[in-house]
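Shown next, in structure tokens, is the structure this report addresses.
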Amino acid sequence: MMLLGRKKTIMVAPDDALPGRDEAIPVPSQHYVLGTPLVPPFPDGYEQAVFGMGCFWGAERKFWEAPGMWTTAVGYAGGFTPNPTYEEVCSGRTGHTEVVLAVFDPERTSYEEMLRIFWENHDPTQGMRQGNDVGTQYRSTICTYSDEQRSAAQESRDRYQQALAAKGYGEITTEIGDAPPFYYAEHYHQQYLAKNPNGYCGIGGTGVSCPVGVVHAESST
């Protein structure tokens, strides 16, 4: 069992990854909570962000509850297997991490606010795990869609590292890089905690506030 646990925290080599499939995983046409489409095209001028912060069920709820959000979806990114299934990702043989796609109106919120939600709602110092959830699929990740997002993410990481260190936490292990392909997770994972209010939620922050951006006061409709 200990050997199996260690293996799940080691990234699979590209040549050893599962082959996946060409067909995309089908998802619902509308967001269960927001009533908006889950897939592109998204409204002109809206921005998208992708974050990995542990189990995506609880992570997605944090974003769909935020003001200014157009839509959210859960999926997989950062690995080698195209269009993986949940079972394949759980095997540790895809290289993917569980992620949340957040599409937001920059007139009503900001990318800095997305970063605040990200940092404050998980522990980014835990490497290939979040709490009791262990494996490469639970690693902390920021997938950026522009140079501006990358710079903002890196700056927020450096500032949050200082705040964490002051509270005795270790080094942030969050990966920050250009956004790879986002593969949608199966329909039953989308907005899971809205459909299953008593379902598992492994999300838990450090209690350390993130000194980035300005929280917009507008509320969602």
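There is no residue in segment 37-49 that is in a loop (DSSP other than H, G, I, E, B), in contact with a helix residue (DSSP H, G or I) (Cβ under 6 Å, 6 or more places away or on another chain) and in contact (Cβ under 8 Å) with a residue 12 or more places away in the chain. Residues in segment 135-156 that are open to solvent by 50 Å² or more (accessible area, probe 1.4 Å) and closer than 20 Å to Ala77 by Cα: Tyr145, Asp147, Arg150, Gln154.
So that you can scan it fast, the table gives a plain yes or no per residue for (1) open to solvent by less than 50 Å² (accessible area, probe 1.4 Å); (2) among the charged types (D, E, K, R):
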| residue | (1), (2) |
| --- | --- |
| Gln30 | no, no |
| Thr36 | yes, no |
| Asp44 | no, yes |
| Trp64 | yes, no |
| Trp70 | no, no |
| Glu87 | no, yes |
| Val99 | yes, no |
| Val103 | yes, no |
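When segment 102-126 is filtered for residues that are among the hydrophobic types (A, V, I, L, M, F, W, C) and touching a Phe, Trp or Tyr at 6+ places or on another chain (Cβ under 8 Å), the ones remaining, listed by number, are Ala102, Val103, Phe104, Met114, Ile117, Phe118, Trp119. For segment 50-134, the helices (runs of 4 or more DSSP H) that sit wholly inside it and include 1 or more residues that are in contact with a helix residue (DSSP H, G or I) (Cβ under 6 Å, 6 or more places away or on another chain) and within 27 Å of Ala24 (Cα to Cα) are 56-64, 86-90.
Contact map, segment 194-221: first residue over 29 Å from Glu107 (Cβ atoms) and at pLDDT 85 or above, second residue aliphatic (A, V, I, L, M) and surrounded by 11 or more Cβ atoms within 10 Å (Cβ to Cβ), Cβ cut-off under 7 Å, separation 6 or more or different chains; pairs are Gly199/Leu193; Cys201/Leu193; Thr206/Leu164; Val208/Ala163; Val208/Leu164.
The values are calculated or read from the model by the stated rules, or taken from the named source; none is laboratory data. The structure displayed is predicted, hence computed values, not measured ones. Note: ideal-geometry Cβ built from the backbone for every residue, glycine included; neighbour counts use all protein chains shown. Just so you know, the surface numbers come from the protein's heavy atoms only, side chains and all, with ligands and any DNA or RNA stripped out. Shrake-Rupley method; radii C 1.70, N 1.55, O 1.52, S 1.80 Å.
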